[in-house]
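The values are calculated or read from the model by the stated rules, or taken from the named source; none is laboratory data. These figures come from a predicted structure and were not determined experimentally. Virtual Cβ from ideal backbone geometry, glycine too; neighbours counted across all protein chains shown. Calculation scope for accessible area: heavy atoms of the full protein, side chains included, ligands and nucleic acids excluded. Shrake-Rupley method; radii C 1.70, N 1.55, O 1.52, S 1.80 Å.
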Amino acid sequence: MQTEETTLDKIRNRPRFKMYTHLSKEIYAENLKKYLAEHKGEFSGNVNTEVSTICVETDYDHFWKPRLSLRTEAEDEKIVIRGVFGPSSAVWTFFMFLYFLFSILWMTFFTMYYVEKQIKSYEYPWALTASFVMLFCIAVTYAAARFGQNKAKGEMKKLRKFAEESTLQFEEKSS
């Protein structure tokens, strides 16, 4: 098994990695189900041949409880397993909504400021300040996501270990 991870993958809002294996999609999915059953008290999830979602069982449930999505794809006569860490889909959608909203507002306010300067109008003296406030809001949203990642770092390490061990265990048996 070969694993790939780049520096960019570590600073994203949803960190990711790639693993290569010689197992077929169906065998990998069956092996993943077996490994999940063996570690039932520690992990839970949903497994199929295309996409599997795994999460760590904990006594508490905070907003950035990580989930690991494992997507299997055929590439150059090998199977590529792409792992993506992220929060629940509701939390992820909320963060993307905030990024979208603040970005659109930033563009609107900055455009108002720019047009005002071009036509020498002074109707919107607050537009430049509002655009900086939107940039600050984008930065706060990013900082909240990074804070959540740091808070869930231990669970993310468990999920990464799960992905590697579940693949290695059955790859060694089939060799």
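A cut-off of 5 Å between modelled amide H atoms, ignoring neighbours fewer than 5 places along the same chain, links R67 with G86.
Counting Lys +1, Arg +1, Asp -1, Glu -1, what net charge surrounds W92 among other residues with beta carbon under 11 Å of its beta carbon? Numbers along the way, then the final one.
Details: positive: R14, R67; negative: none.
Once all neighbours under 11 Å are counted, the net charge is +2.
The apolar share of the surface of the chain, taken as the fraction of accessible area on carbon and sulfur atoms (1.4 Å probe, ligands and nucleic acids excluded), comes to 60 percent. Cross-link check: pairs K25/K151; K34/K65; K40/K153; K78/K161; K40/K78 evaluated at a Cα-Cα cut-off of 26 Å; pairs beyond the cut-off: K25/K151; K40/K78. Entry comment: accessible area of the chain is 60 Å² per residue, from protein heavy atoms only and a probe of 1.4 Å. Candidates V51, F97, L70 compared by Cα position along the dipole of the chain: farthest toward the positive end lies F97, with charges placed on Cβ.
One equal scatterer on each Cα of segment 63-170, no solvent, Debye formula: the resulting log10 I(q)/I(0) at q = 0.10, 0.12, 0.24 Å⁻¹ is -0.50, -0.62, -1.19. Along the chain, counting only trypsin sites (Lys or Arg not before Pro) with a DSSP assignment other than H, G, I, E or B and at most 11 other Cβ atoms inside a 10 Å radius, the longest segment between sites is 41-119.
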